[in-house]
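Inspection log for the structure reproduced underneath, given as structure tokens.
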Ligand SMILES: [Zn+2]
């Protein structure tokens, strides 16, 4: 289910890692916020935006082992 974040709210948000602006994107049917600065992707889980660096996917040289296999679990 895609939740659209209000433009005004998006404009107030900033990446917690690098403070760059974020934009909303849909990936595999999931809504995420993508950072324009570091390319981290913040998930929106059950309509709740999770803007935590620890929960972000992608980004520069995080060494995140889940980054390459970030497909949603189908179990
Ligand atoms: Zn960032």
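Where a number appears in this text, it was derived from the coordinates with a stated rule and is not lab data. Treat the numbers as computed from the prediction; the structure is a model and nothing was measured. Counting neighbours? That spans all protein chains shown, and the Cβs are built from the backbone with ideal geometry, glycine included.
Across the stretch 7-58 the C-alpha pair distances fall into 10 Å bins from zero in the proportions 29, 61, 10 percent. Once both labels are positioned 7 Å from their Cα atoms along Cα-to-Cβ, the gap between residue 26 and residue 9 label points is 1.7 nm.
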